[in-house]
Structure formats: C-alpha cells, structure tokens
Ligand code: ADP
C-alpha cells in the first residue's frame, strides 16, 4: 500500500488533535453552562416563590390570592397549596398531575414527556396558618439558549474541523516546501550529476573553476560583509531552513572537493605526458638501432607497448578532465562527414588486417553535417577500435553513416565476443572494463573510451545506444542533429 505523504499525515494528526481538543472544550463548556443555567433558574424560582407569598393574605375570613399568580411569567408556574397538599390557587402546567407530590427545596422532576425544575417553600400567613408555594419551570425552556448553542455547535463544529484541516494543510505544505526542494535537488544532482544545484533560492553555484577563472573576485571586506549577512540570515530561519542551508553547505564542500579532484586529474595527466613521451621516444630510438635484437628488443617492445597504453590513457584522462571543467572546446563547422569517417576507417584497417578482419562500410557520399572535426574522428576511432579489439579473428566490422532529414545517424557493428547483458548499463562509466583479459592485441584498454564517445555525442546534442548479444556481436548506434 502506498504510504501517505508526510503533509497529509501531519494534517490528519493535527486535525484529529484539534477535534479532540475542541470537542473536550465544548464538553467542558456545556457542563459549566448547564450548571450556570441551573443555578440561575434556581435563583429565579426562589425569588418568584418568595415574592408570591406577598401576594397572599387572609382577609375577611378568606384567603385572598392575587390574580398575578395565575399568569405564567418568564415560563414560571406558581401554585399555592394548603398544609394537606390541596391546591388553593395559582397554576400548574397541563401535563403535571394535580396531586403530584409537592416538595420543599430545589429539584428536577419528570412529568409525562417533559422535565421540570421545581422549588417549593412554606410560610405562615397571618391568621390562616401555613401555606406551601411551589414554582415550576420547564427544563427545556430554561435551557433554551444552551440548546441553541448546542445546535449551532453541531453545525459549526464540522465546519471548524474542515477549516482547521485546510489551514493546517496550507501551513504544513508551506513549511515542508523546503523538504520537497531538498528531495528535488538531491534527485537532480543524482540524475544530472550537477553539483552546482542549491536548495536555497537563487544560490545555484557556478563551478569553482568559473568562479576562479571567469568571475571577478569580490574584495575581501565585501566578501566578509556578504558572509556575515549570510550567517545572520542563516540564524533567522527555522529548523527546515537550517537543514536546507546545511545541505547547501555540504554541497559546497562536495563541489569544491570534486573540482579539486578534476583539477588534480588534469594536472597529473599534464605532468605525466612529458615523461611518457620521452619513454616512447627512447624506445623508438632503441628499436631503431641495428644491434638491438633478441631478448633486448622484446623487452623494449614490451616497455613501448606499456608506455603507449599510458600515453593513450593520459590523453583520454586529459580529455575527460577538460570536458568536466567545461574547458573542452567544441568547434562545430559544416563538414563532409563521410570523408572524415572513411579516414577513421582507413586508420583502423591496418590493425584489422592483423586479425584478418574485414571492415565493410555503408557510407553514402557526401553526408553533410555540423560537427567538430577532431572529435568526430576520435568518436569513430574509438568505436571502430573497440569493434576490432573485441572482434573475432577473421570476423567483420560494419561501419554505417547516413543523413535522415535533419539527423545524422551512425553505427558500428561487429560479430565479436559481445557484452554480457549485466555489464551493458555500466560500460559508459569511467574505468569500467567488462574484463580486461578480453581485449586481444598488445594495446590494452583503460575503460575511458566509451565515456569519451558518449561525451562527444552529447556535446553534439545527440545520444548513443548499445545492443549486444554475448558471443554474437555488438552494435553501437548514435544519432544527433545535423545542424
Ligand atoms: P576500453 O578502453 O577498455 O576498451 P571502453 O570504455 O572503450 O574501454 O569500453 C568499455 C568496455 O566495454 C570494454 O572493457 C569492453 O569490455 C566493452 N566493449 C566496448 N566495445 C565493445 C565491443 N565492440 N565488443 C565487445 N565489448 C566491447
């Protein structure tokens, strides 16, 4: 089952507790209100009953009861009884029995369908004796205002819950927005490998190199002021803002470390280039000497091959380091791509011959398109070189190029050893080799060729794919816009 998003969970939890709290508060409020109503009713009843005693007097041998007692004022019924409980005057509600027991003090009694608050008191009337007066008021009438409030609450409570939930959702979503931004940034970094992304708005960092080479460094004091301002702002934010800023700081660190690593790779490759060129030159000089033969020659040849491998690897490393630092210039110009492809094929034909391999071409003449000449040749050299290296003795390599509408399409197919399926997604990774023992020939691979090929295709705005069946062969196909 799909788990609820955090903002929904928080909204539900918050609404649930708000409901509990509001319901509890309403409960307490009602019980307090009904207590207050009861005490106010009791006071009114008591007052009415005691006032009623003033309306009764013994005159001319008769008990005179004022007609006011017949009226029901403010819902209060007043009835006068003699000592034996016989009603002498006043009124009682219709649904209350005449002979109902009259009691002293304040009470809540039930009669038929209604409930009543009653208050009874006795007092002596001069020359007559004791009489008893009972006041009655219907509970529902006394609690009318309470019932109105209760009914209103029944309508208002769900509305309040909905409003609370909506407001809660709005604020929680706002609060959690930086978390979504963190996730999105992390995903973008993962998918595009772009470490210059930042979570806090407008703070995407240019590469360290850009900052040093292209950007103007702010003067020291200005820099310091900026830093202090940033620190102050940092202190102001809430926990999530701080998390976002800490994440950005971590990205700053990571980016600097990566930039340093790229710089290091570039510097080291540069430094190694000269000694390797010297070794190669010395080997060539030794091999050119007539008295270098037998074991000695073999040893020098091994050194030369290894030095050549190193030279190739250094060249590829430099290429990729420059590409990473965005220092790799791509000079696109209108070219006859078929001619350049043929040149690359011819270069590889010699090596293919040693393995008795055939290189067939399917290249119409001309194929016009915009590309960088050097990169174009490098692309084909790598793909055809791999097809020859991992091709079978006496096998074939097919090289194809065509222009289809606004697209340039190319492929290199071989009937070589193929690439196992589980390795296919990784062959574009740097230094990834399916199995270094698979390559035939004196020159061994480095695992940098295909990442370089992919970079070239992408730098031309295209894409490259691979299809392979182990033991049957491999096809690399690429496509990019001709303009
Ligand atoms: P390498 O310098 O080792 O050839 P690449 O990046 O060019 O490095 O290739 C990566 C891996 O992909 C190689 O180690 C090789 O095993 C495999 N590979 C590349 N092209 C082919 C091909 N045409 N046939 C079989 N395997 C290939």
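Considering only the Cα atoms of the stretch 385-479, their convex hull presents on average a projected area of 6.2 nm². With contributions of -39500 (n - 2.57) from each DSSP H run of at least four residues, the per-residue ellipticity at 222 nm computed over the chain stands at -18500 deg cm²/dmol.
Between 0 and 90 degrees, the angle of helix 373-389 with respect to the longest Cα principal axis of the chain falls at about 80 degrees.
Which ordering of 338, 173 is given by a fewest-first count of other beta-carbon atoms within 10 Å?
Least crowded to most crowded, the residues run 173, 338.
A viscosity of 1.567 mPa s and a temperature of 4 °C, combined with the Kirkwood radius over Cα pairs in Stokes-Einstein, give a translational diffusion coefficient for the stretch 289-331 of 102 µm²/s. Relative to the longest principal axis of the Cα atoms of the chain, helix 6-53 runs at roughly 10 degrees.
Using 0.36 nm times the number of residues separating residue 273 and residue 303, minus their current alpha carbon distance, what extension gain do you get? Please report the intermediate quantities before stating the final value.
Numbers: separation 30, 0.36 × 30 = 10.80 nm, distance 1.58 nm.
Residue separation times 0.36 nm, minus the Cα-Cα distance, leaves 9.2 nm.
Going by the alpha-carbon gyration tensor, a ≥ b ≥ c the square roots of its eigenvalues, is the stretch 3-79 rounded (a/c under 1.5) or, if a/c is not under 1.5, prolate (a/b greater than b/c) versus oblate?
It is prolate, given that a/c is not under 1.5 and a/b is the larger ratio.
Neighbour counts of C-beta atoms inside 10 Å place 68, 324, 60, 252 in the sequence 60, 68, 252, 324, starting with the fewest. If the chain linking residue 329 and residue 426 were pulled fully straight, counting 0.36 nm for each residue of separation and taking away their Cα-Cα distance, it would gain 32.3 nm.
I need the shape label for the stretch 20-126. Rule: rounded when a/c is under 1.5, else prolate if a/b > b/c, else oblate, with a, b, c from the alpha carbon gyration tensor. Prolate is the answer for the stretch 20-126, as a/c is 1.5 or above and a/b outweighs b/c.
Ordering 283, 292, 162 by the number of other Cβ atoms within 10 Å of each residue's own Cβ, fewest first, gives 162, 292, 283. Taking a point 7 Å from the Cα of residue 477 along the Cα-to-Cβ direction, the residues of the stretch 387-417 with backbone N closer than 15 Å to it are 398-405, 407-414.
With each label modelled as a point 7 angstrom along the Cα→C-beta vector, the residue 163-residue 404 pair spans 6.3 nm. With an a/c value of 1.5 or above and a/b not larger than b/c for the gyration tensor axes a ≥ b ≥ c computed over the alpha-carbon atoms, the stretch 313-417 is described as oblate.
Per the Debye formula on identical point scatterers at the alpha carbon atoms of the chain, with no solvent, log10 I(q)/I(0) at q = 0.05, 0.07, 0.09 Å⁻¹ is -0.50, -0.65, -0.87. Ordered from longest to shortest, the equivalent ellipsoid semi-axes for the stretch 288-371 are 34, 23, 10 Å, each the square root of 5 times a Cα gyration tensor eigenvalue. Taking Cα atoms only, the orientation of helix 294-324 departs from the longest principal axis of the chain by about 40 degrees.
Where a number appears in this text, it was derived from the coordinates with a stated rule and is not lab data. Please read these numbers as outputs of a predicted model, since none were measured by experiment. Here Cβ is always computed from backbone atoms with ideal geometry, including for glycine, and neighbour counts include all displayed protein chains.
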